[in-house]
There are 2 protein chains.
Amino acid sequence: MPIADAIREALGSASLIRKMFEEGNQLKKQYGIDKVFDFSLGNPDIEPPPAFHRVFTKLAREDKKGSHGYMPNGGYHEVREALAAKVSREQGITLEGSHIIMAAGAAGGLNVVLKAVLNPGDEVIVSRPYFMEYRAYTGNHGGRLLEADALPDFNLDVSAIAARLSEKTAAVIINSPHNPTGRVYPSETIAALAGALQTHGKRCGRLPYLVADEPYREIAYNRIQVPPVLTAYPESLAVNSYSKSLSLPGERIGYIAVSPAIKDMQEVLNALVYTTRTLGFVNAPALMQRIVAELTFARVDVEVYARRRDSFKQVLDEAGIIYAEPEGAFYLFCRVPGGDDRAFVSHLKEHRILGVPGSGFAAPGWVRFAYCVDEKIIQASGGAFKKAMETWKF
Amino acid sequence: MPIADAIREALGSASLIRKMFEEGNQLKKQYGIDKVFDFSLGNPDIEPPPAFHRVFTKLAREDKKGSHGYMPNGGYHEVREALAAKVSREQGITLEGSHIIMAAGAAGGLNVVLKAVLNPGDEVIVSRPYFMEYRAYTGNHGGRLLEADALPDFNLDVSAIAARLSEKTAAVIINSPHNPTGRVYPSETIAALAGALQTHGKRCGRLPYLVADEPYREIAYNRIQVPPVLTAYPESLAVNSYSKSLSLPGERIGYIAVSPAIKDMQEVLNALVYTTRTLGFVNAPALMQRIVAELTFARVDVEVYARRRDSFKQVLDEAGIIYAEPEGAFYLFCRVPGGDDRAFVSHLKEHRILGVPGSGFAAPGWVRFAYCVDEKIIQASGGAFKKAMETWKF
């Protein structure tokens, strides 16, 4: 018996990122783990902050009666209250606990949102380059993904997005700080996008949702404040996770925050709770819910990422590689001399450097290096980068 | 902006079980928690076994570097190996670690399986009565659910299932021990079903998958062994969770076990890993994976449930309520005198007894009582049941 046709097709063009992950493991077996400069995967190597360990061991010691049982599908009441206070601070708007739905990470949260709002054939717009899982998530729930090219500096091109709006547009997904470019969208850009959506909504009678995928919200540099989205546009939802801010990607914990100004509030909340249940998440993992509720002021030390970013920029500068200036997240998105990103990534591999071709983000001609790895590895990669550039023919 | 039409429709006929849950909370606020006989929800009140607490605190104390990070989407290698040994014992067949995909509970596992195998318009067959979330899970991935009536004793009616097989049949889902009836399907029934699927497959060229939903596998009484499914039919998958066997429903941890005899093995495994990733689960929660790997011989004390079952049977016998003899799980499925299950459930509520109408399992005329509640509450409900029956007019 076969598998579904659509899945077989997708497997054929398997995730470039995951492919790099496997090839990286192969190289490490061959040469030793410290002889490979692996910048392929966004898997934070910084440990969760000490406060995490404190709360984790405290809750384990207590192990209260009933603490691993079912709770309402949207999450524990008190956890949602605690996160509402956190999101209210971040977004500069007052949320109540009911506006928070706990989710199994941002990937879980995005699927829950899209399942809740997409009618068959509805469209979702993203700015290119983008995290290509958005395509799968949209397809899962009968939607169609449309790409709008970003501006040359990777800021949103609001007019390109506006040109793709139609009565079929159910949602626009934005991601800031941005994977893979590190761009943080300024508040004027968010405001311009909100304006375009409002204008479109008035014309066609359907206001698209603005879905902000914000797992990197707390990883920003040079004191940049990541502008709020929930204040900018009433029909907005922010999806977040603790994968990066607390370095907990394996634990699958995050949340959906619904703008308190959203129309059809009760229906939207009911739909999110329903799709959380019926997509099989049932609820976000109980223990991690209770842990993150006590850690609303904790986060990993962003200075560590800032130092790595600076080291990596120096390495690239010395090798003559051009990159977009990252304002947040932990990626350097670099221009491939000559433009053939897959060939360049293969060439780098010969020098034991691993990155992800821009094609993996619908942006051929670029390559992504993740710097959530030890600073020593970044510094040690300098020679390899230079040699790779000297021998790169295009 | 509205939500998806299909979701709005589904919300209109909101889960009867969850509705009872909310009404129960209301009653408890009104009369006090110990004055309400709440048998509505399958939320185990038995705490996880002491071994769970031991491993939990041990892992929290250690909190090893990298232990909350990403791992392969199918789960930790060593966890899959440990569970393969467990499932091999249970199913009497040798599985390797690669045959196990870690899942976010059985609900997550079922969605992953259905997404992996369903083509648009494909059909899934279930035996009625059934856990009605199957309908949502199937619909999520473009499939259509067909019901085949069970036999009067709630055993599978293999010929009724066979009559619904067609070239569109992608899967048959069975659930044993069974929610809501407590039935355990004997090995002859499993063999007969396997035979019918084989015959059908030879005739039409498509062998349907047999998906065994087994969260209650370890909750069986009177030394009944729940027969294996993976040995009975090559194209089979067993989906399991630790929600009942370790009382961890809030933690969302379980697994998919693929028959080592399955055709297209590599493709099936790749598809399950892919849908785990793209449905947004990404992976089963990391910490709980490592905990259950160390608990392959632990389970809650089933004798506690056995005593409650016996107490509850006595209560029902004395009230003159007829029920199906439960061989596993923790439900009593009872015939409603006169047949109007919704009216009966409303009537019971006046006596502060909460159950779920059989209509919630596509079986009007019945009512389900869950006995995963304190034995004292069961015993104390005797008077209320008697009074309710004396005043029940139909």
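If you go through the range B:278-298 and keep only what is closer than 22 Å to A:L11 by Cα, within 23 Å of the chain's Cα centre (by Cα) and not aliphatic (A, V, I, L, M), you end up with B:G280, B:F281, B:N283. Only a single criterion out of (1) closer than 26 Å to B:W366 by Cα; (2) in contact with a helix residue (DSSP H, G or I) (Cβ under 9 Å, 6 or more places away or on another chain) is not satisfied by B:I93, namely (1). A:I224 meets the stated requirement of being of a type outside the set (S, T, Y) and part of a loop (DSSP other than H, G, I, E, B).
The rows are residues; the columns are (1) under 23 Å from B:F131 (Cβ atoms); (2) of a type in the set (G, A, S); (3) assigned by TED's automatic domain parsing to the domain that holds B:L272.
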site: B:E23; (1), (2), (3): yes, no, no
site: B:L27; (1), (2), (3): no, no, no
site: B:F39; (1), (2), (3): yes, no, no
site: B:T57; (1), (2), (3): no, no, no
site: B:N73; (1), (2), (3): no, no, yes
site: B:Y76; (1), (2), (3): no, no, yes
site: B:R80; (1), (2), (3): no, no, yes
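Only one entry of A:A6, A:A51, A:A10, A:A60 meets the criterion of being within 21 Å of A:V304 (Cβ to Cβ), over 19 Å from the mean Cα position of the chain (by Cα) and among the hydrophobic types (A, V, I, L, M, F, W, C), and that entry is A:A51.
Out of all the residues in the range B:277-286, is one or more more than 10 Å from chain A (Cβ to nearest Cβ) and on the phi < 0 side of the Ramachandran plot? Taking every residue of the range B:277-286 in turn, none turns out to be more than 10 Å from chain A (Cβ to nearest Cβ) and on the phi < 0 side of the Ramachandran plot.
On inspection, A:A106 does not qualify as within 12 Å of chain B (Cβ to nearest Cβ), in contact with a helix residue (DSSP H, G or I) (Cβ under 7 Å, 6 or more places away or on another chain), part of a helix (DSSP H, G or I) and not hydroxyl-bearing (S, T, Y). Which is farther than 17 Å from A:K313 by Cα and either touching a residue at least 60 places away in the same chain (Cβ under 8 Å) or crowded, with 24+ Cβ neighbours inside 10 Å (or both), of A:V373, A:V345? Only one candidate qualifies: A:V345. Which number in (1) assigned to a helix (DSSP H, G or I); (2) surrounded by fewer than 18 Cβ atoms within 10 Å (Cβ to Cβ) marks the one condition that A:I378 misses? A:I378 satisfies all of (1) assigned to a helix (DSSP H, G or I); (2) surrounded by fewer than 18 Cβ atoms within 10 Å (Cβ to Cβ) except (2). The condition (being in the same structural domain as A:Q289 (by TED's automatic domain parsing), out of contact with any strand residue (DSSP E or B) (no Cβ under 9 Å at 6 or more places or on another chain), modelled with pLDDT of 95 or more and not aromatic (F, W, Y)) is satisfied by just one residue among A:G109, A:G97: A:G97.
Can you spot a residue in the range A:173-188 that is more than 25 Å from A:C372 (Cβ to Cβ), over 20 Å from the mean Cα position of the chain (by Cα), surrounded by fewer than 18 Cβ atoms within 10 Å (Cβ to Cβ) and not aromatic (F, W, Y)? Yes: the range A:173-188 contains one or more residues that are more than 25 Å from A:C372 (Cβ to Cβ), over 20 Å from the mean Cα position of the chain (by Cα), surrounded by fewer than 18 Cβ atoms within 10 Å (Cβ to Cβ) and not aromatic (F, W, Y).
For the range A:293-351, a residue qualifies if it is under 27 Å from A:L246 (Cβ atoms), modelled with pLDDT of 95 or more and of a type in the set (G, A, S), and the qualifying residues are A:A293, A:A306, A:S311, A:A324, A:G328, A:A329. The requirement of being in contact with an Asp or Glu (Cβ under 6 Å, 6 or more places away or on another chain), over 21 Å from B:S359 (Cβ atoms) and of a type in the set (G, A, S) is satisfied by B:G143. Looking only at residues of the range B:220-232 that are within 26 Å of B:V304 (Cα to Cα) and of a type outside the set (S, T, N, Q), we find that the one that is farthest from the other protein chains (Cβ to nearest Cβ) is B:R223. Please work out which residue is surrounded by the fewest Cβ atoms within 10 Å (Cβ to Cβ), limiting yourself to the range A:47-73 and to residues that are touching a residue at least 60 places away in the same chain (Cβ under 8 Å), within 30 Å of A:F312 (Cβ to Cβ) and at the interface with chain B (Cβ under 10 Å from one of its Cβ atoms). Filtering first and then ranking leaves A:E47. Is there a residue in the range B:7-18 that is in contact with a strand residue (DSSP E or B) (Cβ under 9 Å, 6 or more places away or on another chain) and either farther than 16 Å from B:M288 by Cβ or part of a helix (DSSP H, G or I) (or both)? The answer is yes; a qualifying residue exists. Among the residues that make up the range A:115-127, is at least one of them within 15 Å of the chain's Cα centre (by Cα) and buried (at least 23 other Cβ atoms within 10 Å of the Cβ)? Yes, the range A:115-127 has at least one match. When the residues of the range A:267-276 are narrowed to those that are more than 18 Å from B:V282 (Cβ to Cβ) and more than 7 Å from chain B (Cβ to nearest Cβ), which ends up nearest to the chain's Cα centre (by Cα)? Filtering the range A:267-276 for residues that are more than 18 Å from B:V282 (Cβ to Cβ) and more than 7 Å from chain B (Cβ to nearest Cβ), the one nearest to the chain's Cα centre (by Cα) comes out as A:L272.
Looking at the range A:74-84, can you tell me whether even one residue there is more than 9 Å from every other protein chain (Cβ to nearest Cβ), in contact with a strand residue (DSSP E or B) (Cβ under 6 Å, 6 or more places away or on another chain) and not in a helix (DSSP H, G or I)? Checked the range A:74-84: at least one residue is more than 9 Å from every other protein chain (Cβ to nearest Cβ), in contact with a strand residue (DSSP E or B) (Cβ under 6 Å, 6 or more places away or on another chain) and not in a helix (DSSP H, G or I). If you filter the range B:30-44 down to residues that are assigned to a loop (DSSP other than H, G, I, E, B) and crowded, with 18+ Cβ neighbours inside 10 Å, you find that the one that is nearest to the other protein chains (Cβ to nearest Cβ) is B:N43. Figure legend. Inter-residue proximity from the range A:110-128: first residues on the phi > 0 side of the Ramachandran plot, second residues in a loop (DSSP other than H, G, I, E, B) and at pLDDT 95 or above, beta-carbon distance below 8 Å, spacing 6+ or different chains. Indicated pairs: A:G121/A:G142; A:G121/A:G143; A:G121/A:K168. Scanning the range B:233-266 for residues that are within 11 Å of chain A (Cβ to nearest Cβ), assigned to a strand (DSSP E or B) and among the polar types (S, T, N, Q) yields B:S236, B:S241.
Results for (1) among the β-branched types (V, I, T); (2) surrounded by 24 or more Cβ atoms within 10 Å (Cβ to Cβ), shown as yes or no for each residue.
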{"site": "B:S241", "(1), (2)": "no, yes"}
{"site": "B:P249", "(1), (2)": "no, yes"}
{"site": "B:I253", "(1), (2)": "yes, yes"}
{"site": "B:D264", "(1), (2)": "no, no"}
{"site": "B:T278", "(1), (2)": "yes, no"}
{"site": "B:E294", "(1), (2)": "no, no"}
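Being away from chain B (no Cβ under 14 Å), assigned to a loop (DSSP other than H, G, I, E, B) and crowded, with 17+ Cβ neighbours inside 10 Å is a description that applies to A:R217.
Residues being within 19 Å of the chain's Cα centre (by Cα) and free of Cβ contacts under 8 Å to residues at least 40 places away in the same chain are represented in the range B:199-219 by at least one member. Where helices (runs of 4 or more DSSP H) fall entirely within the range B:267-354, those with at least 1 residues that are of a type in the set (F, W, Y) are at B:302-319, B:341-350.
The values are calculated or read from the model by the stated rules, or taken from the named source; none is laboratory data. Treat the numbers as computed from the prediction; the structure is a model and nothing was measured. Using ideal geometry, Cβ is built from the backbone for each residue, glycine included, and neighbour counts are taken over all protein chains shown.
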